[in-house]
Structures are given as structure tokens and as C-alpha cells.
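Please read the structure below before turning to the comments.
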Amino acid sequence: MINTKYLLIGSGHAALSAIDGIRMQDENGPILMTGAEGRSPYSPTILPYVIAGRKDPSKTQLKDEAFFKTRKVIFMEKDPVKVLNSVMSRAYLESGKEVSYEKVLVATGAVPQVPSIPGLDDCPYEVLRTMEDALKIREKAKKAQSAIIVGAGLIGMHLAEALSSLGLKVTVVEALPHVLGTYFDEVSSQMIRQSFEERGVKILTGCLISKAASGDGVCALSLQNGIDLSANMLIIATGVRPRTDILDEYVKKDKGILVDNFMKTNVPNIWAAGDVVQCKDFFEDRMVLNGILPNAVQQGIIAGRSMANDNNVKPFRGSIAMNTFSFFGNKALSIGQVNGSDNNSDLKEDIILSSSSVRYQKILYKEDIIRGVISINTQLDPGVFLRLIIDQISVHEQKNLLGASSLKAGRLIMSARWR
Amino acid sequence: MGKAYYTIAIQPEKCNGCNDCMVACAQKKEGTTNPSDARLSIELGEEALAKGFALCRQCAMPQCVMVCPSGALRKDEETGIVSVDETECVGCRLCTLACAYAGIALHPKKQKAVKCDLCGGDPTCVKSCKTGALSLVTAGDLYRRWGDLEDLFVPGMSFCLGCNSELIVRHTLRRVGSNTVVATPPGCVAGVGAVGVNGFTATKVPVFHPLLTNTASMLAGIKRYYNRIGREVTMLALAGDGGTADVGFQSLSGAAERGEQIIYICLDNEGYMNTGAQRSSTTPFGAWTSTTPVGEALKGKTRDAKPLPVIMVMHNCEYVATACSAFMEDYYQKLEKAIEASKKGMAYIHVFSPCPTGWRFLPSKLIEVGRKAVASNMVPLWEYSREGESLRFTQPVDNPIPVEDYLFLIGKYRHLSREQIEHIQDMVNERIRILKALVKE
Amino acid sequence: MPMSIVCDGNEAAAWGVARAKPDMVAVYPITPQSSLAEYISQFVADGIIQADLMDVEGEHTVLSVLQGACLAGARTFTATCGQGLAFMFEPYFRTPPLRLPIVMSIVTRDGITPQCVWGGQQDAMTVKEVGWIQMYCEDVQEVMDTVIMAFKIAEHPDVMLPVNVCHDGNYLSYGVSKAEVPDQEDVDAFLGRKNTNWHVALDPERPMAVDPLTGGAGGAGPSMFVRYRKGLCKGMQNALRVITDVHADWARRFGRPWAPLVEEYRLEDAEYAIVTIGSMTGAAKDAVDEARGKGKRVGLIKFKTFRPFPLKAALSSLSKVKALGVVDRAVNFGWNCGPLYQEILAALYHLRECIPAISFIGGLAGSDLTVDKFNMVIEETEAVYRGKPGPTEPIWLNEKD
Ligand SMILES: Cc1cc2nc3c(=O)[nH]c(=O)nc-3n(C[C@H](O)[C@H](O)[C@H](O)COP(=O)(O)OP(=O)(O)OC[C@H]3O[C@@H](n4cnc5c(N)ncnc54)[C@H](O)[C@@H]3O)c2cc1C
């Protein structure tokens, strides 16, 4: 039996950030981190770049040995936890080892969510979450001429760009009316879509799939609207689901592990952070899933500090949707609330739209407080705007400047607030 | 961990917007003279003082590094420099989303993240800055600089365990220096032997007991005479809230009105702590003291604290600030300004001074109490200078924690009812509203 | 050439201040001192006094700023009376033990209540136990001269104590007469170089802690405290000699020989005497002259220095007569008599024989002490001298006005 003060399950962003969080307060308490994949820690976010050939898969490691050494962390790279017994404070590993812990962080991330489509189980489809997935897709793509991607979310669109840049003929099928619906409004979504289409990516929105079939190295999809598609590769990118399978019934879950603002579960010595949790939303009083990297990092730090009894740790502010998205040399950004001004009279928009080029900006206000931003190829500091939103800074006086000269205005407002 | 690393510090008021730093940086990093190629940026706003900075802070726990999915960013554990490995950067821009200082951006041509790397430790921008607005400092530098100053009180004074006032007065006198006359009216600071006992003193500079009532007046008299004979000597009051807000208020008010050149520091421990924790006019609503006890009929103080620092703003002072020992750097900066201001008139600093003994909390919680007082807006930290004609929050709190998160750290509030807490919350909100009205945009 | 002017006592005091060249003057108005504050302010405005004028928010601060300045080395002056003095009492109380040579005029005024803004010596008499030197003046010229002399007395190294120059509200504050303002060079030569803080200073070049806690039940404290107290008493006693010397010096230089401690008037062959203090002495002397004209052998003893009490000088004068009528402009509530009277009784204890004495109280709240009143004082005193048992209670001179 292995004894440890802190057990960190998972080796992604959340777990790695928790290490720094713990060490802020507790310099020496033993930390044990277990991974599942036998690799140095890497980020799922990098995988589309690996597929596109823009990142060498052997150079994706987030932290080197020195990182663990200086922080006195034992990292067991390939020792996945099978079951976590919350009553006994024990983790049972697949290798048969047992770990007895004082406190544990569950940071197991998420797994792809695959919709039930008749015939899909018999098809050789791919998903993208792990390095293994990525390498497989990369190998297959080398031989394929075409691919169908189901899901026009961030991962789907990333993949679409990656595969089309490799020369594949790509078709994206999406059930909702727009691509990247969670992050972009209709105008910007249309702008993005057009860029893809101009480069030969076929995008079908508002399409439900009635069945899937395969044969002869070809996958075929039939859509409910009667269209039939086929390609050498089929990739499912319809979202993710928290990976909660190791937990027993005493840990409260809904769609993900339910945590408070210090990332504590209902069991006193269990914390959870990252894609695996369901936590408070920033804007509304509800518990949400929001599997993005910045949230995982924030939550990891907070969990770590809280686990180490740091009294001064500030509670998690709540989950805010945000992302950067690059496509064919264009730079898109989305933070916070980006829709809803039509049916909610509280919200006002400040829009800059260029008809001749790919350029768009929208700042969404509730009174004098920024609620969200969309930017495509406009100049602003994303982190500064994120902070303006988080801190709910009243920008009444600077509204005009913020729209017209976002970069400068943002910096002026933030600088005035620093020491 | 816990190492003191270098970072570039900016003093906005010293910057004249000449762009030399940006040109120097662009030259070094990009071989151009175009300021927009630089890895720091200073932009001028409409008002003289308004400046927008974009500059990496080389954070201790850099968020840009933590969110980088590509392992391209790293903080050197030796030098503390946060740098980008361009060959490993994929240009995803998550780092730009993580940085609230606009300290990292995408290179427009290379499509890779670029940022300040302190030129390896000897930043060219700092060398190019003629006004001294940019400087290379470490967090540890501050402590070292403070540590290098002589402690002008002797060790072993009889302060209570965990006394906030001890922390403040030692730091204060270190900074203000020995060319000073110190007044410590009756209260904790005098009580622990600052002036001394039976012929021995604990202070290495001229120090005296004024009356509880005339600290500002006596200092004014001393200062005027030194001015008359052409000697520059600093006058420093280290007074409690009773001697400041209550019985000493008249002399303080008169001295402020006349513009007497004094640094007046009020250590507000919210009551007469030296005489056993009786109420003063700065004791907050609901607080237990030995003269606002808690029983069947009475539940602590029934009136709100006198908002003395705001009153002082309206009092012809040259400089007024609030401070808290949980924000030492902030305090040192205010002291700096107070010293300057006291050459022209009165500089008043109201220091929140939690008292473990009289308020009933563990000495180890002192800094936490301070932090939460600020985080809940019970003790907003701000400064006002007559020159700037505006009040400025130095530690703005945008999403204050509820007051009870602060109150329940402290024994003297343990009995509070829901209504009393609501009263305090309302009072805090109202006072913040008033303060905000004094901020000139 | 000395300048001749016609002025009231408040202006005379201001001229005295001007000639003494203080570094700081602090003022806060109160009747009947106000015009003194105004003269000083005007003199500062006109450049006659080149001092820092501290026009502060109250008497408490008036004395506090002077204490500060004095601790830094300044020569200082102020004036007050009545309630102003009462308000000032907290710093007033500690000026002597701090050994600060501050000079302050008390333009004496009766105490409230009843509400009253007129002359009387209740204010000065009430604070007599604190350790300030108190000198009471008889006329406008003496006010001016005594203010100047007060600085020399206060700053004498054997004294180092604050001095009150008391002059009566109304009579002296507003009463006008001719006076001579001495030349500046002569006063400069008379006063010499000031040194107000050689013994206690707040100066970074001579760092010291001023006024640490001293005392307690054991250790070095109690004896140290006694040393301070005895030092103060010694300073007070030294003051008697210094006051005398300074007055002699003044007489030599300026030709005006004021009695320093106690003045005897027509006492050589007197059988009985009346005892006075302050401006009432003028009228009293007239009454004595009248009575002498009628063949009565009456004399007068005037107290100029009341604190420290000039015991030796007092005894030498008192012992010359067989009965005394003591006139006070204030009340000693504890003994149901005038305060000067009570002091005289205490002094008389030092003589072998018992000299009968009557307490007269008059001139309260600005009421007139006329020659008639003193005639009555002389009559009553004479009766006692002739063997009539003296009254057991004070005689209130203005009771039936
Ligand atoms: C293709 C793709 C692109 C993305 N792009 C973006 C983007 O552009 N922006 C953004 O913000 N987010 C993006 N994300 C999401 C982002 O990567 C995640 O939010 C983030 O990685 C979450 O971190 P985590 O630590 O919670 O989980 P993960 O990084 O997934 O780490 C979980 C770790 O736990 C391990 N683990 C699981 N179960 C066990 C077990 N039983 N025992 C031990 N170890 C276990 C896993 O092997 C894994 O290493 C993307 C995700 C993908 C898949």
C-alpha cells in the first residue's frame, strides 16, 4: 500500500495546476500523481495541431522531469485509478496497487460523447481526445482522400481545418443551424463558415443523421434530409462527457462531479477540477459543464490551494465560456455571453462589421458592464477583456473608446486599476 | 518556489510618454524602430495621468505558462523569466487569453507568441528610460530594501503577540528615517514603551508623549520652529484612533486646516485597546467592547464608526490615504507619497489595525483579517491627493465578499444578529458609494 | 530714545512682547484678552513682531503649539484668561514639569457661572498650584516691563519655568495711560541670547525621549519621580532670587524700580496695613494717603509675585504691623475667604505672635474697588487693631453696590 498526503488522479492541466496550488502553501506534503496513458503530460488541445503536422508529437510534453523533482511530486505515468473508495480514502489502481490518501483530487478530464446513430457501432469511426486518437487519425489521414466530421463544435472545426490542410476533402455535418454555436453569433459564425467553404470544406448544418454504414474503406452516412455522404474517414466530434467512472455512489454527480466554488465535492477530502466537474456558472445561478482549458487551470490552482488549507484562496468565479479559434490565418476570439441581445432587453451590443474583409467585433454590455466579446481579426487583448468581464468593471465613460479602439481602451482601463 | 524574481516595474506618474523604451525594444528584438514592434507598450490616454500599459510581469505563477497546451512557454526556475520557445508554439493564443496585463501577444508575421524576456536579465527598455518610470525590481528587492533600513525602535518592546501596530510603526519609522520627531500620544504605541519607562527609551529618534488631545498641535509647533530656523525635520505622529478621532480631533482638525506639515498616522484599532478595549468613535457598529458589551438588552455598539479618513479628505489635507498591513507594498507607496506631501501640508494615513487581544482573534490570523477587511470593503484602500484632486482606489475590490466573511473571523462580532449584519453590509455599501463619488474619472 | 505712547494694558503687553522678540506667538481671542491678541496680530502684520503667528483653533492648541516650539528651541508668548485658561488647563498643567520657559499673560477675568466676561482674578487664582510663576501688575507700564522681564526670569537656567504675567481685565486691559516703550537694543542687551531647550529638546541632532513613563511602586521610578518634583520646587524657589535680580537689573538699565516680590507702601511706622494684589493697589494707595492725612498709621503691602509665594519677603513686611486687612479679587471656596488671605494666614504661622487679619473680597465680575471701599477696609482693619474681634467670615466689598 502506498501512502500519500495528496493524491492527484489525472495528469492534465487541472492536476498539474493543482501541484502549484498545493505547493504555494504546503512545501513538503507528499504528492502522488497518477496518469493513465504512460506519457508525459500533454494537452488534448494540442491534438489538432499534431494531426495537421504543425506539432511534433514527441514534443508535446507540458512538464519535464525537473518540474516534478523541484516540486517533490511522484508521477506514476501509467497507473490509472480503477476505483476510488471515498469511504476508505483509498484508490485502487488498475495495476493492483492501492493508494491510501489524506486528500484526493479527481482530474480525470472527459471522454468523447458519441451519439447513438443506427449502424455507427459497426463503422470504423474515430474520436479525438487522446494522443493515441490523434496519432491514429494522422496515420489514417495520410492514406485518405476524404473525411466526414460529425459535429461543428470547436474540435470538429479544428479537425476540419487540419484535415483539409492535409489535402483531404472534408465534409462537416452539424445538427444545429450554425457552426461553433456556443462561441459565435450568427454573423461571425457565418463569416467562419464562409472561410471554410471558400477553401473547399463542405458544411451541412441543421442536418440530423439517420444511419451510418461502412464497407470497402468507406464510411457512409444518410441524413434525414435525404442527402447521402461517404468518405474514407468518419470522425465523431459531438462533444464530451466528464469521466466519472472511477467514483463510487457517495460522491455527488449530475452530468459531472458536483463541486462548490473551492472545488470541493460533498465528500470532505475529495476535490475535483477540470473537465470532469460540473460547477457554478459565472453569469447565472446554475451548475454547468464547461470543458475548456483556462477553467481547468483556474480550478486546479484553487483546488490545490484549498486542499492545502490555504485560507486566502479566492473562490472560483464561475465558469465562463471562452476560446480562441484560428482558421486559415484568421483569428477569432469569443469570451462570455455572445448572444441574447434580441430577446433580452438588458443587453446591448456594440458592433463593428467589415463588409469587404473578414473582420467583425461585437461587445455585449449589460448596462455599463461588459458581458461578452466576439472578435474576428480585430485588435484587442483577450486577457484584458476577460478581466474586465470577470471583475465586472463599469466602463460607462470609456464605452465609445472601447468599441472604436479596443486595444488601447482596454489597456487604459486596466492600467488605471493596477498599482 | 518562494524565490524573488526580477520584473520590470512601472511608475506611471514618472512616464512622459516619450516612447524611448518601445523604440529600444523594437530595435533589439525586431531590428526596427517602430514602437509597435516592441514587447512592451505605453499608450497615453486623454488625461495627463491616464496611461495604458502592456507589459509582462514575469508572474510568480504565470497563467500563460499554465494554459499553454504546447509546452512552448516556461518560467525559468533560476531567473524567473517567462519565455516562449517559438519552435514549439502553435499560435493558439490561449496565452493571450490568460494574461490580464497584455503581456503576451501573437507576432503578426510569425504567428507565434512573443513576449518580454527581460533581455535575459538586463532589459534594454529600462536602460533607455530617462525618467525612471521603468525599473528592474524583484519582489524580494522590496523586502531587502525595507530590511536594509534601520529599525529605529529597539527590539523587545512590550507589544501584544501579533500586534499590528508594532508591524506598522516599525516599518513606518524605518521608511521615514531618523531626521524625525515622533509623537506617540497615550495609547498602545506609547504604552509599550516607545517613549520609554523610568529613564529608558525604546526609540532611537526624538520621541515624546504629547497629550492624548494635542498631538497635531505640538508637532505643528515643533515643525514651525524648524522651518523658521531653516532646518528640514520630519514630524511624525503615531497615534491611536481615540487620540485622533475622539479627544484629539480638534487639534488634528485645526492642524489640517492650517496646513501644518505633519505626517499623521492613525493606527485605528477601533477602540481604546490600551486601556482595556473600550469603545471609541471608530468602533464599528455591532462590535463588542468593554463599554459596548453584549447582554440581554445591549448587543454591542449601536452607532456606526466615524468615517475619519473621508472627513480628512474634506479637511485641506495635502494627502490622505487608508492602509492595511496585509498590503505592505501599498503602504510603503503611500508612505512615500505622505513624506513628499508633508513638505507642503498635512499627510494623513489611516491604518486599519486589527487587534488580536482586544478583538479576540488568533494572532496568526492578523493578515487574513486585514485581507478580508479589504476584500469585503469594510476597509477600502484608497488615496487622495490635493494635487490630483481625486480619490483613487489603490486596491479596488470589484466583487466584494460579504461582510460576514470578515466579521466572523473576529470574536468581537461573534454575537451579531442577521439584522446587525445587514446593517453593516448596508453601511459598507453606502460608504463605498460615497467614496466612488469622490473619484474623478 | 525710548518711545512714549499712550496705551492700554493690552497694548502695553503687546509692546513688551514685541521688544522680547519671540519666535512664535499663538493667539485665540477671549474677552478681555482679545485686543491683546489683535495687537499682537497687527504687530506681526506690520513687521513689528517678526514671529510665527499661530492663529489656531483654541486655547488648548495655543499652548500645545508653544510647547512644541519651545521644545524645538523657540521663545514663545501667548495670552488668555477665564474659560480660555480653563480649556487650556490640560497642557497648562504640564508646562512647568516640562520646564518650558513660556510666557503667557493672563488678562484676569472672573469665573463663570453666572456668565460673566468682566475682571476678577478667579481664573489665575484657580490655577495657582500648578507650578507656573505668577506676577500681578499694578499699572500699564508695569505690564509692559514685566512681560519683558518675564522672559528673562523664565529662561534663567536656574529657573526654566513658565511665567504668567497677570493684569486685571477691564482696569488694566482697557485702562489707558502713558507708557514708555524701551529701545530695542537696550532690551536685546537686557535679555541676552535665548536658550529655551538646553535641558529638554526634540531635535534629531540631540535625540532624546521626552517624558517617558516614570513612577510605579518600585524600581528606579519612584525616586526618579521625586527627583523631578523636587527639581521643580527648587526651580520655583530659585525664581524668587532670579525675579529679584532681574527687577534690580531692569531698574538699573531702565530706571524703573518695580518691587519684585512684595512692595511696602508707607509701612515704616504703620500700626496696621492693608494687603493688595494687582491694579486695585492704585486706589488702595490713595485711600492710605487719605487716612494718613487724617493721622491714621496705616500702611500697604502689595504682592507682585504670588507664585512662588515670597515667604521671606512677605514675613519681613507682615511682621512690621499688628493687624492686616487682605483684599482679594477672587474666592477661595475651601476656606470661605480670599485666596491671598489664606496664603497670608499660612505665612503668619511662621511668626511667633498672632497677627489678626480680615479677609475682604471685592472687585468681582468687574465691580469697582474705589477709594471709598478701601476707606472701609482701613476702618475695619483699624477696629481689629484696636481690639475689636475680627469677623469670622469674609467681608464682601461690593455686596451692597
Ligand atoms: C481536440 C481538442 C481540442 C481542444 N481545444 C481547446 C481549445 O482550443 N481551448 C480550450 O480552452 N480547450 C480546448 N480543449 C479542451 C481542453 O483540452 C480541456 O478542457 C482540458 O484539457 C481539461 O483539462 P483536464 O485536466 O480537466 O483534463 P485532461 O487534460 O483531459 O486530463 C485528464 C487526464 O486524466 C487522465 N485520466 C483519466 N482517467 C484516469 C484515471 N482513471 N486514472 C488516472 N488518470 C486518468 C487522462 O489520461 C488525462 O491525461 C480541447 C480538447 C480537445 C480534445
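The table below lists the values:
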| item | result |
| --- | --- |
| Single match in B:V397, B:V374, B:V369, B:V428 (criterion: more than 19 Å from A:V313 (Cβ to Cβ) and free of Cβ contacts under 8 Å to residues at least 60 places away in the same chain) | B:V428 |
| Selection count where residues are open to solvent by 20 Å² or more (accessible area, probe 1.4 Å) and either at pLDDT 95 or above or within 17 Å of A:N339 (Cβ to Cβ) (or both), scope the range A:274-288 | 7 |
| Close pairs from the range C:21-39: first assigned by TED's automatic domain parsing to the domain that holds C:A74 and closer than 19 Å to C:D145 by Cα, partner open to solvent by 10 Å² or more (accessible area, probe 1.4 Å) and β-branched (V, I, T), Cβ under 6 Å, at least 6 apart | C:A37/C:V27 |
| B:V82 at the interface with chain A (Cβ under 9 Å from one of its Cβ atoms) and of a type in the set (V, I, T) | no |
| Given (1) within 16 Å of the ligand (Cβ to nearest atom); (2) under 23 Å from the mean Cα position of the chain (by Cα); (3) hydroxyl-bearing (S, T, Y); (4) open to solvent by 20 Å² or more (accessible area, probe 1.4 Å), number of the condition A:T60 does not satisfy | (4) |
| Within the range B:208-259, tally of residues that are open to solvent by 10 Å² or more (accessible area, probe 1.4 Å), touching an Asp or Glu at 6+ places or on another chain (Cβ under 7 Å) and among the aromatic types (F, W, Y) | 1 |
| Pick from the range B:263-303, criterion farther than 24 Å from B:C163 by Cβ and in contact with a helix residue (DSSP H, G or I) (Cβ under 8 Å, 6 or more places away or on another chain), ranking: surrounded by the most Cβ atoms within 10 Å (Cβ to Cβ) | B:F285 |
| Search result, residues across the range C:354-389 that are surrounded by fewer than 18 Cβ atoms within 10 Å (Cβ to Cβ) and among the small types (G, A, S) | C:A383, C:G387 |
| Residues that are open to solvent by less than 20 Å² (accessible area, probe 1.4 Å), of a type in the set (S, T, Y) and at pLDDT below 95, drawn from the range B:372-409 | B:T394 |
| Selected residue (only one of A:P80, A:P41, A:P112 is free of Cβ contacts under 8 Å to residues at least 60 places away in the same chain and more than 14 Å from chain B (Cβ to nearest Cβ)) | A:P80 |
| Count of residues meeting criterion [within 10 Å of chain A (Cβ to nearest Cβ) and open to solvent by less than 90 Å² (accessible area, probe 1.4 Å)] in the range B:12-51 | 8 |
| Among the residues listed as C:R75, C:R109, C:R99, the single one being among the basic types (K, R), farther than 30 Å from C:F254 by Cα and in contact (Cβ under 8 Å) with a residue 12 or more places away in the chain | C:R109 |
| Residue within the range A:65-72 that is touching a strand residue (DSSP E or B) at 6+ places or on another chain (Cβ under 8 Å), more than 14 Å from chain B (Cβ to nearest Cβ), more than 9 Å from the ligand (Cβ to nearest atom) and open to solvent by 40 Å² or more (accessible area, probe 1.4 Å) present | no |
| Every residue from the range A:291-309 that is open to solvent by less than 10 Å² (accessible area, probe 1.4 Å), away from the ligand (no atom under 11 Å from the Cβ) and within 11 Å of chain B (Cβ to nearest Cβ) | A:G304 |
| The range A:132-149, residues that are open to solvent by less than 30 Å² (accessible area, probe 1.4 Å) and away from the ligand (no atom under 14 Å from the Cβ) | A:A141, A:A144, A:S146, A:A147, A:I148 |
| One residue from C:R19, C:R94 being within 14 Å of chain B (Cβ to nearest Cβ), part of a helix (DSSP H, G or I) and at pLDDT 95 or above | C:R94 |
| Candidates B:K412, B:K344, filtered to the one that is open to solvent by 10 Å² or more (accessible area, probe 1.4 Å), at pLDDT 95 or above and farther than 28 Å from A:D391 by Cα | B:K344 |
| Count of the range C:97-142 residues which are open to solvent by less than 30 Å² (accessible area, probe 1.4 Å), assigned to a helix (DSSP H, G or I) and not polar (S, T, N, Q) | 6 |
| Counted residues, the range A:44-54 - those being open to solvent by less than 10 Å² (accessible area, probe 1.4 Å) and either free of Cβ contacts under 8 Å to residues at least 60 places away in the same chain or assigned to a loop (DSSP other than H, G, I, E, B) (or both) | 1 |
| Selection within the range A:9-32 - within 9 Å of the ligand (Cβ to nearest atom) and either in a strand (DSSP E or B) or more than 14 Å from chain B (Cβ to nearest Cβ) (or both) | A:I9, A:G10 |
| A:I335 vs. criteria more than 16 Å from the chain's Cα centre (by Cα), closer than 29 Å to A:I51 by Cβ and within 12 Å of the ligand (Cβ to nearest atom) | no |
| Residue count, the range A:224-273 (criterion: more than 16 Å from the ligand (Cβ to nearest atom), open to solvent by 10 Å² or more (accessible area, probe 1.4 Å) and away from chain B (no Cβ under 14 Å)) | 18 |
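For every residue, the table says whether it meets (1) within 14 Å of another protein chain (Cβ to nearest Cβ); (2) open to solvent by 10 Å² or more (accessible area, probe 1.4 Å); (3) within 16 Å of the ligand (Cβ to nearest atom).
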residue	(1), (2), (3)
A:H158	yes, yes, yes
A:A162	yes, no, yes
A:E174	no, yes, no
A:V179	no, no, yes
A:R199	no, yes, no
A:I209	no, yes, no
A:G217	no, yes, no
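Quick grid of which residues meet (1) part of a strand (DSSP E or B); (2) near the ligand (Cβ under 9 Å from one of its atoms); (3) surrounded by fewer than 16 Cβ atoms within 10 Å (Cβ to Cβ):
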position: A:F75; (1), (2), (3): yes, no, no
position: A:K82; (1), (2), (3): yes, yes, yes
position: A:Y92; (1), (2), (3): yes, no, no
position: A:S95; (1), (2), (3): no, no, yes
position: A:V99; (1), (2), (3): yes, no, no
position: A:K103; (1), (2), (3): yes, no, no
position: A:I117; (1), (2), (3): no, no, no
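The values are calculated or read from the model by the stated rules, or taken from the named source; none is laboratory data. From a predicted model like this one, the values you see are computed outputs, not experimental measurements. We place every Cβ from the backbone using ideal geometry, glycine too, and count neighbours over all the protein chains shown. Just so you know, the surface numbers come from the protein's heavy atoms only, side chains and all, with ligands and any DNA or RNA stripped out. Shrake-Rupley method; radii C 1.70, N 1.55, O 1.52, S 1.80 Å.
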